[in-house]
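A short write-up of the structure that comes next.
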């Protein structure tokens with residue numbers, strides 16, 4: 001490797017965190033939440049009203065909590081509890097789901113993604 005290669009590699013490595021922060025960190029707080037059961041919209045709620053919601057799914061009832069402009073699963077009848085461990089969602093485009101119980105929540109707002117490419 002030449003000196004130019006090393007300098008170019010160093011610049012690229014140092015630039016990566018800034019590029020990540022600029023393009024992938026959500027900066028817009030969500031305003032509403034969309035709650036789905038399977039592919040059916042159950043409720044769409046504003047995040048500015050603190051409340052607890054119970055949504056019935058195929059396995060039982062999932063409970064959600066809205067507080068201080070954020071939402072989270074607080075209980076669900078699934079076994080892995082991944083939906084609960086996800087924690088609070090507050091930014092536009094944030095999403096989580098209890099797949100066994102077919103309940104999903106997505107934060108909506110001005111800055112959500114138009115599409116995701118994998």
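The values are calculated or read from the model by the stated rules, or taken from the named source; none is laboratory data. If you're wondering where the values come from, they're calculated on a predicted model, not measured in any experiment. Cβ: placed from backbone, ideal geometry, glycine included. Neighbour counts: every protein chain shown.
Please find, within segment 57-66, the residue that is surrounded by the most Cβ atoms within 10 Å (Cβ to Cβ) out of those that are under 18 Å from residue 100 (Cα atoms) and in contact with a strand residue (DSSP E or B) (Cβ under 8 Å, 6 or more places away or on another chain).
62
In the set 40, 79, 2, 32, which member is under 17 Å from residue 91 (Cβ atoms) and modelled with pLDDT of 90 or more?
Residue meeting the stated conditions: 32.
Go through (1) modelled with pLDDT of 90 or more; (2) surrounded by fewer than 16 Cβ atoms within 10 Å (Cβ to Cβ) one by one and return the number of the condition residue 20 breaks.
In the conditions (1) modelled with pLDDT of 90 or more; (2) surrounded by fewer than 16 Cβ atoms within 10 Å (Cβ to Cβ), residue 20 misses (1) alone.
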